[in-house]
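Quick notes on the structure that follows.
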Amino acid sequence: MYRTYAPMVLRRCRFLLKDEAEALDIMQDVFIRILARKDALDLSSPSSLLWNSATRLCLNRIRDKARRGISTSTDECLSQIADMKDERDEYEAENALFRLFEGEPASSRTMAVLHFVDGMTLEETARETGLSVSGVRKRLRALQAKLKGLEVEI
Amino acid sequence: MIPDWKLERYLTGDLSAAEAADIRAKAKEDDVLRARIEELRRSSAEILSKYPAEEIVPEMLEKTERRKGFGKRVYIPLLAAAVLLVVLLPLGAPEISSLWKSHADVTVQNYSEDGTRIKGLEPRFEIWRKTADSAERLGQKSVARAGDELQIRYAVPEKCFGMIFSLDGRGVITYHLSLQDRAVALAPGKMTALHFAYKLDDAPYFEKFFFVISASAFKVEKGDIDSLLKNKTVRVESLTLRKVSVEGEK
């Protein structure tokens, strides 16, 4: 699994964090979390799980760094998304380690990156996150007000 | 244009047969697409050579086991002890069991560095500076320079709220542990290192770090640190570093 997926996960983390050491750290964290939950997960086609998990953990890292006044080279769009209040945040803060993969819906922040940064359509974002297209549209529109200069695809 | 995330899945074999066939067909006609796929393949080879599975996977397995082991080591004995306490205490010591009915404060839980319980611990924080091959702990009035990379650690003896921030010689406040201007909930236990190191900038004279804790939630009102530090409901620990310029030691 590592040989097949680690390059994809590391590239994802490099792209979001622009820092090799941190990207490597998050990449390992993604695999460690999956290893810890491997019995409860369907790992027959884990690209989506790995991609979204890496996205989420990278956003957390960007947000934490910003809150500690550490500058990042992350672009403005990602910084805005990372800093958004998310309805999953408090849950995540309390259950950070092992609940990530227990079938909870993806955070709105992750959805925002998939749609606004990765260029996924609403349909693709919905498929990735296990929500309906209208559910994704609704949640992204709710976030749009906070994201300057970004528009949700109609 | 086919997005990167889809090409990644093409390479990992996680696309449907129809989608994969579509990309294969397009790559035959499209030089740019073919080059992008080749670049991803080259990058994958480079990553696996730089971070080989033989090195990284055992490391990750060990960390996974450590996390599992931590849960078993800590939670199962605690649960067993709690059950025994609840069941046996009223039988063996009625005078003590009456304490359950009191409204006294919760007993402070103290832990040593390795997580074992000790008594008399105070809330504390430490600042460490990264060196070429290790790290050194900094004390009051230690000399520091712009560019020094610092790691902050803290421990509290009981559940409380806390924040760590620093004030530099230009009067700039940097929050290291907080939710913007609000304190965060802290759990008792062993020393916890903040997720990120902090690199000192070239502000002159000093960098003073404050570890502020309270039994209840608090925040910095309108950036007024003085009021917070004078507030009698908070406890403050501080550590000051002397800043010297890189060119000349003062």
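General remarks:
- Size of electric dipole in the stretch B:124-244: Cβ of Lys, Arg +1 and of Asp, Glu -1, about Cα centre, debye, nearest 20: 280 debye
- Peptide B:9-17 has a mean shielding of 4, counted as Cβ atoms of other protein chains within 10 Å of each residue's Cβ.
- Karplus (6.51, -1.76, 1.60) ³J(HN,Hα), θ = phi - 60°, over the stretch B:160-176, in Hz, Gly and Pro reported as x: 7, 10, x, 8, 10, 9, 9, 10, 9, x, 9, x, 8, 9, 10, 8, 9
- Once backbone amide H atoms are built at 1.01 Å from N, B:SER142 has B:ARG242 as its partners under 5 Å, excluding neighbours fewer than 5 places away on the same chain.
- 3J(HN,Hα) along the stretch A:131-139, derived from phi through the Karplus expression 6.51 cos²θ - 1.76 cosθ + 1.60 where θ = phi - 60°, amounts to 10, 6, 4, 5, x, 5, 4, 4, 5 Hz, with x in place of Gly and Pro.
- Whether the stretch B:191-250 is rounded, prolate or oblate, judged on the alpha carbon gyration tensor where a/c under 1.5 counts as rounded: prolate
- Oblate is the label for the stretch B:124-244, because the ratio a/c of its alpha-carbon gyration tensor axes (a ≥ b ≥ c) is 1.5 or higher and a/b is not greater than b/c.
- For peptides B:212-223, B:134-145, sequence by mean Cβ density within 10 Å, most packed first: B:212-223, B:134-145
- With the convex hull drawn around the C-alpha atoms of the stretch B:4-50, the volume per residue stands at 63 Å³.
- Neighbour counts of C-beta atoms inside 10 Å place A:MET8, A:MET1 in the sequence A:MET1, A:MET8, starting with the fewest.
- Shielding score for B:175-187, defined as the mean number of other chain Cβ atoms within 10 Å: 2
- Pairs from the list B:LYS130/B:LYS243; B:LYS208/B:LYS243; B:LYS6/B:LYS50 with a Cα-Cα gap above 21 Å: B:LYS6/B:LYS50.
- Amide H partners (placed H, <5 Å) of B:CYS160, local residues excluded: B:LEU186
Quick note: the coordinates plus some simple rules give every number you see, no bench work behind them. What you are looking at is a predicted structure, and each value in this text was computed from that prediction instead of being measured. Every residue, glycine as well, gets a Cβ built from its backbone with ideal geometry; the counts of neighbours run over all protein chains shown.
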